[in-house]
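The values are calculated or read from the model by the stated rules, or taken from the named source; none is laboratory data. Predicted model only: the values in this text are computed from it and were never measured. Ideal geometry is used to build each Cβ from the backbone, glycine not excepted, and the neighbour counts take in all protein chains shown. Quick note on the areas: whole protein, heavy atoms, side chains included, nothing else; ligands and nucleic acids left out. Shrake-Rupley method; radii C 1.70, N 1.55, O 1.52, S 1.80 Å.
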Amino acid sequence: MEIATFTVPDVNVAQPFEAISSFLVSTVHGFHGYLLGLQLDLFVNIVLQIRENVVAPMLEIAVWICMVMSIMLVTEKLIMAAASLYAKVFRRRPHRRYKWVPMGDDLEMGNMAYPTVLVQVPMFNEKQVYKLSIGSVCGLTWPPDRLIIQVLDDSTDPEIKELVELECKQWMKKGMNVKYEIRDNRLGYKAGALKEGMTKDYVQNCEYVAIFDADFQPESDFLVQTIPFLIHNTQLALVQARWRFVNSNECLMTRVQEMSMDYHFKVEQESGSTMHSFFGFNGTAGVWRISAIEEAGGWKDRTTVEDMDLAVRAHLIGWKFVFVGSVQVKSELPSTFKAYRSQQYRWACGPANLFRKICFEIFKTKKLSMWRKLHLVYSFFVARRVFSHIVTFAFYCIIIPTSILVPEVTVPKLGVIYIPTTITILNSVGTPSSWHLIIFWIFFENVMAMHRMRATLSGIFEVGKVNEWIVTKKLGSSSKPAKPEESEKKTRSSIINRVLLAELGMSMYLFICATIDFKYGKNHYYFYIYPQAVAFFIMGLGPLGLVGTILPS
């Protein structure tokens, strides 16, 4: 019997296993990719749902809240502009609304016809400007025996204290009645110094007090122009003069500051004085009736805006103020970025904190009508000191750029174009010579609004550096750029501690929003968001000397 045989072909047994392995691997990878795709789709859907159902409604509410605040703000500015225009067109100047008789010598009374005036000059390590300020107040046209000049020196530098005291003695030798007063502490800061100065025995003979910060230089006829208002109008407690800036052309930062300050004086204070409504004391370049200060409770140090605090309390008991724009006092704008930020923090935080503390006092007073109380709270505090800072940053730097990422939200053109354009035009009317800088002013103010909003919230909720007092650095005649080697040395030292991370972070966020709008958007917001991002970037590097001037060594 033959047995059947089979021949097994020569096959590489590794090939099927490689094929199977390759198939399994590709299948697993494909399934894994499918799962990743499903997970990615699921994640995108969740994000879209959150954006549509959570983020968009919240952003929509924020848009309309800011719209309401913007309308309130622009209405307030239109009213003030109309009042200021009315005063100019119909010449409703202080000399026509109040009795004003020029000072003159009385042959019978002689110098006794002049009231005794106290001039207070608070100082704190003012090495660069102490000679200018003391010399200016000693040059006031007023009988020397009816004038007392009180230099309130809170300096902590022994060398500077010695220089200030020596300057006072030099003027004493010339026949001026100069009192050099120091304290062994700085309790209450400027308010504490002014309060203690009023307790001196020789002040009892004074009827009025003029106050000048260390960098202010009044003209010789300052008292001659202002005191008659107080003499002949017993209802007046304060005569506020206008500031004029000696260094406004020093750099771009001082130019845009001048625009804001000119609006404050020419519109805000002019309109308040014209309508006989409230306007705040600026803390300097003003003359007070001493009896009004005493009746209002004197100086208090509960906030960093002791001047505004006193003015509000005096207004609540019926006293009136007058702004005299024709009397101008030379002063200095902060030209270094650090000094300007410190000043703006105090100016934004202090009023908000004062509003928190004095709001109930306003409504409890019986000497003002309810209408005047509401006007004071709404106009002076809420609209100008709270909403203006919040809406400028939150709306134009956060909400509008964020709406690019949330297409479900639409921002009305009224808030994007018409209201900001109106506000910009109204703010620029005070300084026609700087209209060509209006674009720089917008971006600069928007960046500073972030700092001001943070300060405002700190004041309202009384947290953080709410009571911090940093004296604004004055440069006087020495505001010159630092030498290149000095600047380079400063730049190398602790750069990471000198840049402003919040501003740089905002710059990056705005740049991303502008880029997305440029590629996918339809509203063309990137036209202003890109420049705003650049402004935040430059300001974020401000402490390195890119903004303002650099302090000399």
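Can you name every one of the helices (runs of 4 or more DSSP H) wholly within the stretch 469-532 that holds 2 or more residues which are open to solvent by 30 Å² or more (accessible area, probe 1.4 Å) and at pLDDT 90 or above?
Fully inside the stretch 469-532 and qualifying: 501-520.
Which condition number in (1) of a type outside the set (Phe, Trp, Tyr); (2) more than 20 Å from residue 213 (Cβ to Cβ); (3) more than 22 Å from the chain's Cα centre (by Cα) is the one that residue 327 fails?
Evaluating residue 327 over (1) of a type outside the set (Phe, Trp, Tyr); (2) more than 20 Å from residue 213 (Cβ to Cβ); (3) more than 22 Å from the chain's Cα centre (by Cα) leaves (2) as the failure.
In the stretch 65-92, what residues are more than 21 Å from residue 420 (Cα to Cα) and part of a helix (DSSP H, G or I)?
Across the stretch 65-92, the qualifying residues are 86, 87, 88, 89.
Which of the residues spanning the stretch 161-197 are hydrophobic (A, V, I, L, M, F, W, C), out of contact with any Cys (no Cβ under 8 Å at 6 or more places or on another chain) and more than 18 Å from residue 211 (Cα to Cα)?
Of everything in the stretch 161-197, those that are hydrophobic (A, V, I, L, M, F, W, C), out of contact with any Cys (no Cβ under 8 Å at 6 or more places or on another chain) and more than 18 Å from residue 211 (Cα to Cα) turn out to be 163, 166, 172, 187.
Across the stretch 391-426, what is the number of residues that are polar (S, T, N, Q), open to solvent by less than 20 Å² (accessible area, probe 1.4 Å) and over 22 Å from residue 52 (Cα atoms)?
The total comes to 0.
Return the pairs, sorted by first residue and then second, in which the second residue is of a type in the set (Ser, Thr, Tyr), the first residue lies in the stretch 35-55 and is modelled with pLDDT of 85 or more, the beta carbons are less than 9 Å apart, and the residues are 6+ apart or on different chains.
55/402
Filter the stretch 175-215 down to residues that are β-branched (Val, Ile, Thr) and closer than 18 Å to residue 292 by Cα, then give me how many there are.
4
Any residue in the stretch 329-350 that's farther than 28 Å from residue 222 by Cα: show its pairings with residues that are polar (S, T, N, Q) and assigned to a helix (DSSP H, G or I) at Cβ separation under 9 Å, as long as the two are six or more apart or on different chains.
345/458; 348/456; 348/458; 349/456; 349/458
Check whether at least one residue in the stretch 250-262 is touching a Gly at 6+ places or on another chain (Cβ under 9 Å), open to solvent by 10 Å² or more (accessible area, probe 1.4 Å) and more than 22 Å from residue 217 (Cβ to Cβ), and report yes or no.
Checked against the condition, which is being touching a Gly at 6+ places or on another chain (Cβ under 9 Å), open to solvent by 10 Å² or more (accessible area, probe 1.4 Å) and more than 22 Å from residue 217 (Cβ to Cβ), the stretch 250-262 yields at least one hit.
Looking for something among the β-branched types (Val, Ile, Thr), over 22 Å from residue 430 (Cα atoms) and open to solvent by 70 Å² or more (accessible area, probe 1.4 Å) - is there at least one such residue anywhere in the stretch 67-74?
For the stretch 67-74, residues among the β-branched types (Val, Ile, Thr), over 22 Å from residue 430 (Cα atoms) and open to solvent by 70 Å² or more (accessible area, probe 1.4 Å): present.
For residue 104, indicate whether it is in contact (Cβ under 8 Å) with a residue 40 or more places away in the chain, surrounded by fewer than 16 Cβ atoms within 10 Å (Cβ to Cβ) and out of contact with any helix residue (DSSP H, G or I) (no Cβ under 7 Å at 6 or more places or on another chain).
When the stated conditions are applied, residue 104 does not pass them.
Here is a check on your reading of the model: is residue 117 in the same structural domain as residue 237 (by the TED database) and modelled with pLDDT of 65 or more?
Yes, satisfied.
Considering the stretch 216-226 alone, what residues qualify as being in contact with a strand residue (DSSP E or B) (Cβ under 8 Å, 6 or more places away or on another chain), over 12 Å from residue 118 (Cβ atoms) and either charged (D, E, K, R) or assigned to a helix (DSSP H, G or I) (or both)?
Result: 219, 222, 225, 226.
Residues are listed down the side, and each one gets a yes or a no for (1) among the small types (Gly, Ala, Ser); (2) farther than 29 Å from residue 288 by Cα; (3) modelled with pLDDT under 95:
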position: 327; (1), (2), (3): no, no, no
position: 336; (1), (2), (3): no, yes, yes
position: 343; (1), (2), (3): no, no, yes
position: 352; (1), (2), (3): yes, no, no
position: 379; (1), (2), (3): yes, no, yes
position: 400; (1), (2), (3): no, yes, no
position: 406; (1), (2), (3): no, yes, yes
position: 414; (1), (2), (3): no, yes, yes
position: 435; (1), (2), (3): no, yes, yes
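Which of the residues that make up the stretch 326-344 are open to solvent by 20 Å² or more (accessible area, probe 1.4 Å) and farther than 16 Å from residue 542 by Cα?
Answer for the stretch 326-344, where residues must be open to solvent by 20 Å² or more (accessible area, probe 1.4 Å) and farther than 16 Å from residue 542 by Cα: 326, 328, 330, 332.
List pairs: first in the stretch 407-422 and over 18 Å from residue 392 (Cβ atoms), second surrounded by 14 or more Cβ atoms within 10 Å (Cβ to Cβ), Cβ under 7 Å, 6+ apart or cross-chain?
That search, which allows pairs on different chains as well, returns 408/56; 409/56; 409/59; 409/60; 409/63; 409/403.
Select from the stretch 272-301 the residues that are in a helix (DSSP H, G or I) and either open to solvent by 20 Å² or more (accessible area, probe 1.4 Å) or more than 25 Å from residue 208 (Cα to Cα) (or both) and list them in ascending order.
Scanning the stretch 272-301 gives 291, 294, 295.
I'm trying to understand the selection: among the residues of the stretch 427-436, which are closer than 17 Å to residue 251 by Cβ and open to solvent by 20 Å² or more (accessible area, probe 1.4 Å)?
433, 436
Based on this model, can you work out whether residue 245 counts as more than 28 Å from residue 317 (Cα to Cα), in contact with a strand residue (DSSP E or B) (Cβ under 8 Å, 6 or more places away or on another chain) and either in contact (Cβ under 8 Å) with a residue 40 or more places away in the chain or buried (at least 24 other Cβ atoms within 10 Å of the Cβ) (or both)?
So residue 245 fits the description; yes.
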